[in-house]
Number of protein chains: 2
Amino acid sequence: MAMRIRLSFERPEGSGLCIMVDLLRASATITAALDRFREVIPVADIEEAMEYSRKGYLVAGERGGETLPGFIANSPLEVKNYRGDVLVLTTSNGTRILESVKSDALVGCLNNLDAVAEAARELSDEVEVVMAGVNGRFAIEDFLCAGEIIAAIDGEMDEYAEASVLAVQDRSLVDDAIRRSRSAERLGGLGFMDDVEYCIKRNITGNVPVYRDGRIELMEEIRRLH
Amino acid sequence: MAMRIRLSFERPEGSGLCIMVDLLRASATITAALDRFREVIPVADIEEAMEYSRKGYLVAGERGGETLPGFIANSPLEVKNYRGDVLVLTTSNGTRILESVKSDALVGCLNNLDAVAEAARELSDEVEVVMAGVNGRFAIEDFLCAGEIIAAIDGEMDEYAEASVLAVQDRSLVDDAIRRSRSAERLGGLGFMDDVEYCIKRNITGNVPVYRDGRIELMEEIRRLH
């Protein structure tokens, strides 16, 4: 039976398995962090993140791309300089989306494209890809990343999902659109252009982060424990 | 200065010039009707349309693709069998969108693609393309038609508009997606497959319908009178 796939913006319409896509940069940061941390705790609220910081946790986070004072950057490249048991992460969009998810959510980006697609097929016969967007607005980088993930899953799509796949037929146009996106331009202005280039890389990791009960771990870790 | 273009779903976000896109079939019906009627009056409400009918007006309309009893079909091919001063039209989605528009709206489809794009450039330095969708849901045929119109206008796009242009790079994939759309399948089941094929035709007319103060006339007619 064909896998059913739908695409949504900002909040899941259903209550089944989701893939959260916040390409620049929460998805990539979480995916990279799980090489060096056992788990990531996403928190939507800055106050809550600061509370974790006061308790001695390593905390990463930004608002509008700017790293919060005293925090590690929400950057896949920067988190590679740290190691530990738990990383707490608060970001403008992605962490808020995760908190609204009603069931398990995988975290998808271009870095783990095929791995997250394969995991979705393994876990369910139905998946909803949720674009984080930017402050309630459509973000082209999330739409294009979603399109590549959906093409990799290869199932029976709703029309929004199908539209995203049509938009990713030409890889060089996709890369160009991501580099020219508002998000990429803002990150470039803040000195994070290397992050943008890193986030565009396809399939550099097999990490599949799974959000469950407020924490994110690698799928293989969850399998091992449960 | 580059023309600014944005793409919206269901209701305009701004208050400037709009292009309403309801490819299957309100946009095409209105565009074709203006060859044979001086004006089209779009009404969102069936009761209001029936009131016009009782007064002796020619009335076309459908809900969910099914022609309302005693009405002409919302069909670009069928309206060509009639002629008159005024055609009243009520449809599931497009007429409702027009009633929510705050200023002038052009009616765009593939049939009048280049003509509507050129008219938009003439009238304003900013335009919002509004996809009608189907009962509040994203409709791929409107997204793809919007993408072709936006590509023809060729300006500075918001990210949603840019995504629609990326999706229409390959004409044969576009035609295929429109033919396989839920809307096209429903119309096919109701015996309107010829309408779908007609609506896919590009640039077969120079008609540019303009919605203003509750009525739709050809742009050249409005120019002549005002």
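The values are calculated or read from the model by the stated rules, or taken from the named source; none is laboratory data. Values in this document were obtained by computation on a predicted structure and should not be read as measured data. Glycine gets a Cβ as well: all are built from the backbone with ideal geometry, and neighbour counts include every protein chain shown. Side chains included, ligands, DNA and RNA excluded: accessible areas come from the protein's heavy atoms. Shrake-Rupley method; radii C 1.70, N 1.55, O 1.52, S 1.80 Å.
A few remarks follow.
- Considering the conditions (1) over 18 Å from B:GLY108 (Cα atoms); (2) in a loop (DSSP other than H, G, I, E, B), B:ILE204 is excluded by exactly one of them, (1).
- Flag if A:ALA117 is hydrophobic (A, V, I, L, M, F, W, C), in contact with a helix residue (DSSP H, G or I) (Cβ under 6 Å, 6 or more places away or on another chain), open to solvent by 30 Å² or more (accessible area, probe 1.4 Å) and more than 14 Å from chain B (Cβ to nearest Cβ): no
- Residue among A:VAL127, A:VAL168 that is within 11 Å of chain B (Cβ to nearest Cβ) and buried (at least 21 other Cβ atoms within 10 Å of the Cβ): A:VAL168
- Among the residues of the range A:149-157, some residue qualifies, meaning at least one is within 14 Å of chain B (Cβ to nearest Cβ), in contact (Cβ under 8 Å) with a residue 24 or more places away in the chain and crowded, with 23+ Cβ neighbours inside 10 Å.
- Filter result for A:THR31 (open to solvent by less than 10 Å² (accessible area, probe 1.4 Å) and either over 17 Å from A:GLU217 (Cβ atoms) or touching a helix residue (DSSP H, G or I) at 6+ places or on another chain (Cβ under 6 Å) (or both)): no
- Each residue in the range B:171-210 was checked for being within 14 Å of another protein chain (Cβ to nearest Cβ), within 18 Å of B:GLU78 (Cα to Cα) and either free of Cβ contacts under 8 Å to residues at least 12 places away in the same chain or surrounded by fewer than 15 Cβ atoms within 10 Å (Cβ to Cβ) (or both), and 0 pass.
- None of B:TYR52, B:TYR57 is open to solvent by 10 Å² or more (accessible area, probe 1.4 Å), under 16 Å from B:GLU99 (Cβ atoms) and modelled with pLDDT of 95 or more except B:TYR52.
- Only one of B:VAL196, B:VAL174, B:VAL208 that is among the aliphatic types (A, V, I, L, M) and touching a strand residue (DSSP E or B) at 6+ places or on another chain (Cβ under 7 Å): B:VAL208
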